[in-house]
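**Student:** Right, I'll just put the structure down here and ask away after.
Please treat every number below as a calculation from the coordinates, not as lab data. All of these numbers come straight from a predicted model, not from anything done at the bench. As a convention, Cβ positions derive from the backbone with ideal geometry for all residues, glycine included, and neighbour counts pool all protein chains shown.
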Amino acid sequence: MKNNKMNTEEKYVIGVDFGTSSVRALLINADNGEEKSVSEFFYPRWNQGLFCDPSRNQFRQHPLDYIEGIEFVIKDLIEKAGENVRENVKAISIDTTGSTPVAVDEKGVPLALNPEFKENPNAMFFLWKDHTAVQEAEEINNYASEFETNYLKYVGGIYSSEWFWAKLLYALRKDAAVKKACFSWVEHCDWMPFLLTGGKNALAIKRGTCAAGHKGLWAEEFVGFPPEEFFSGLDTSLKNIRKNLPDKTYSADKVAGTLSAEWANKFGLSTNVLIGVGALDAHMGAVGGQIEPYFLSKVMGTSTCDMMVAPGEEMKETLVRGICGQVQSSVVPGMQGMEAGQSAFGDIYAWFRELLFWPVKNMLSESELINKETAEKLQQEIKNNILKKLNSEASKIPLSKDLELAVDWLNGRRTPDANQLLKGAITNLSLGSDAPKIYRSFVEATCFGSRKIVERFKEEGIPVKGIIGVGGVAKKSPFIMQMMADVLGMPIKVHKSEQTCASGAAMFAATIAGIYPNVEVAMHKLGQGFEEEYQPDLDKHEIYILRYEEYKSVCGFLEK
């Protein structure tokens, strides 16, 4: 009887993390942080390459991928954890990639869910790495520089093609049908809570401070988003959208609503389950990785997002140039959150793998020496092992100042100083340059890009007291992490959690459920701690200083 009573008193929360290729969810015991179950769902349409055109930097995702995904992972979590968990789930919080916005109608329904738009990429979510709006971003920057009020001051002074307003302007200009049907424009992290709470009115969507401040130009100083006059001066079509946006936003420790009857029935959960206000993945990932003031939390995956928090009273009037925003309560409520990052990180390694894999993928199936089944198995084996082998061989290359050198702008530059028109490069090539050496140069380039970010914070008077590594790259590649420590000349501690973003979302869920008074206490109680720390090799650091100067020189050449 005692054990049964204990089970009914246990409290469970769910954190959901919508990533680039899949949605992951985590169910934890909110009293002690024990992971009861984990689930992952790969987006079927995205993974078929639908609605995307990499040659045009067009990356769109269909809302059905998200809807099918969240239904699968929540049901799967409960099934794995056992029926006794079901009645004790107290709250769900969600993070997503960003800026990943979509056009919605008056009811808040993404246009792609309507029959006439179901195959129209412009009616779908514009994924964070969609760079089709480069021209629109440039236009926003040029216009804003002439405006009396500096509306770009809290986003590092440069508006990016990856963000909310540039993508909206592109969609409205590109597609007359979308323009006519679009009532509002909504971030993925704001739409998911609206969906789960059964929202039926786009005007009632609770916008998160996180996405609005870092991607949408919202600021307390402006008493909301910039005024309608600002947007009408850019393009009159933006004025109506601005009219339909609220001035108030909410931090992620606030409740968006309760689970609707429809979704409660799908999940097999109670309508008393609380749904938290959404936030961006790296921001909740920083919380899941137990971020500390003035520590740079590097969420390392397809791209990097580098998060930092600092007490607002210590920041005073300090504004950091060229980063992706600094917003009060966007990461940890009550602290100022700052975001930087790189537009490609793991994506660069994946690109190089695909480059090497091309002949195997396209020619092995035509071989007359082996049958089709063997060819397919061999293809998969080779693809699965390319990066592992490259890391192994690259780690054996003696460091010298004359090695191949690359620039990491294969997907443009996010920070410092966003410019999505920039391209990557490789220098110092010779007939002795082989795959491991070239791969090594790209790893080094991503580390140099990280160093540029650290230097920018320091230049602006923000101390960087340490580095926290979270995410897939941090946990899976000792070679990359050791080089990062050597390049930065700083130790890097790697967080234990396999699902840092989902874990951070679960911490926010435990906070909105009232299990903990604030997210800092939830971090302390539920955090898993750190599993490894990489110490810099100071002799190598001295050589990297010389190579970093060469990297900056090549960067300057490319910019001109």
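**Student:** Please report the spacing between the Cα centers of region 91-120 and region 19-47 in Å, no decimals.
**Tutor:** A separation of 20 Å, based on Cα centres.
**Student:** Another one. If you project the alpha carbons of the chain onto the principal axes, what extent comes out on each, in Å, largest first?
**Tutor:** 66, 65, 57
**Student:** A further question on this structure: So the label point goes 7 Å from the Cα of Leu355 along Cα→C-beta, right? Which residues of region 417-460 then have their backbone N under 16 Å from it?
**Tutor:** Answer for this model: 423-447.
**Student:** I've got another one for you. At a Förster distance of 22 Å, what's the computed FRET efficiency of Lys174 paired with Asn240, Cβ-Cβ distance as r, to 0.05?
**Tutor:** Details: r = 17 Å, r/R0 = 0.78.
The value I calculate is 0.80.
**Student:** Right, something else. Report the gain in length on full extension from Glu10 to Leu64: 0.36 nm times residue separation, minus Cα-Cα distance, nm rounded to one decimal.
**Tutor:** 16.1 nm
**Student:** Here's something else I'd like to know. Over 10 Å intervals from 0, what percent of Cα-Cα pairs in region 415-465 sits in each interval?
**Tutor:** P(r) over region 415-465, rounded to whole percents: 20, 38, 28, 12, 1.
**Student:** Now, a different point. Assuming R0 = 35 Å, what is the FRET efficiency of Ser400 and Gln48, from their Cβ-Cβ distance, to the nearest 0.05?
**Tutor:** FRET efficiency, Ser400 to Gln48: 0.20.
**Student:** OK, next. Please report the antiparallel percentage of the DSSP beta bridges confined to region 2-279, to the nearest 5.
**Tutor:** In region 2-279, DSSP labels about 70 percent of beta bridges as antiparallel.
**Student:** Same structure again: Calculate the spin-label point distance for Asp247 paired with Lys388, positioning each point 7 Å from the Cα along the beta-carbon direction, and give it in nanometres.
**Tutor:** 5.8
**Student:** Which FRET efficiency, nearest 0.05, do Phe147 and Leu378 yield, Cβ-Cβ r, R0 60 Å? Write down the numbers at each step before the final one.
**Tutor:** Working: r = 59 Å, r/R0 = 0.99.
Efficiency, rounded to the nearest 0.05: 0.50.
**Student:** Could you tally the net charge around Glu498, taking each other residue with its Cβ under 13 Å from the Cβ of Glu498, Lys/Arg +1 and Asp/Glu -1? Don't skip to the answer; put the middle values down first.
**Tutor:** Values: positive: Arg24, Lys475, Lys476, Lys496; negative: Asp17, Glu35, Glu40, Glu531.
Neighbour charge sum, excluding Glu498 itself: 0.
**Student:** Would you please put 395-401, 549-555 in order of how densely packed they are, using the mean number of other Cβ atoms within 10 angstrom per residue and starting with the highest?
**Tutor:** Result, highest mean first: 549-555, 395-401.
**Student:** Given Lys465/Lys493; Lys80/Lys266; Lys316/Lys452, which pairs have Cα atoms separated by over 20 Å?
**Tutor:** Long pairs (Cα-Cα over 20 Å): Lys316/Lys452.
**Student:** Please work out the C-alpha center-to-center distance from region 366-397 to region 251-286 and express it in whole Å.
**Tutor:** 42
**Student:** List Glu339, Glu136 from most exposed to least, where exposure is judged by having the fewest other Cβ atoms within 10 Å.
**Tutor:** Listing Glu339, Glu136 from fewest to most nearby Cβ atoms yields Glu136, Glu339.
**Student:** Okay, moving on. Working out 0.36 nm times the residue gap between Asp105 and Asn201, then minus their Cα-Cα distance, what length gain in nm do you get to one decimal?
**Tutor:** 33.7 nm
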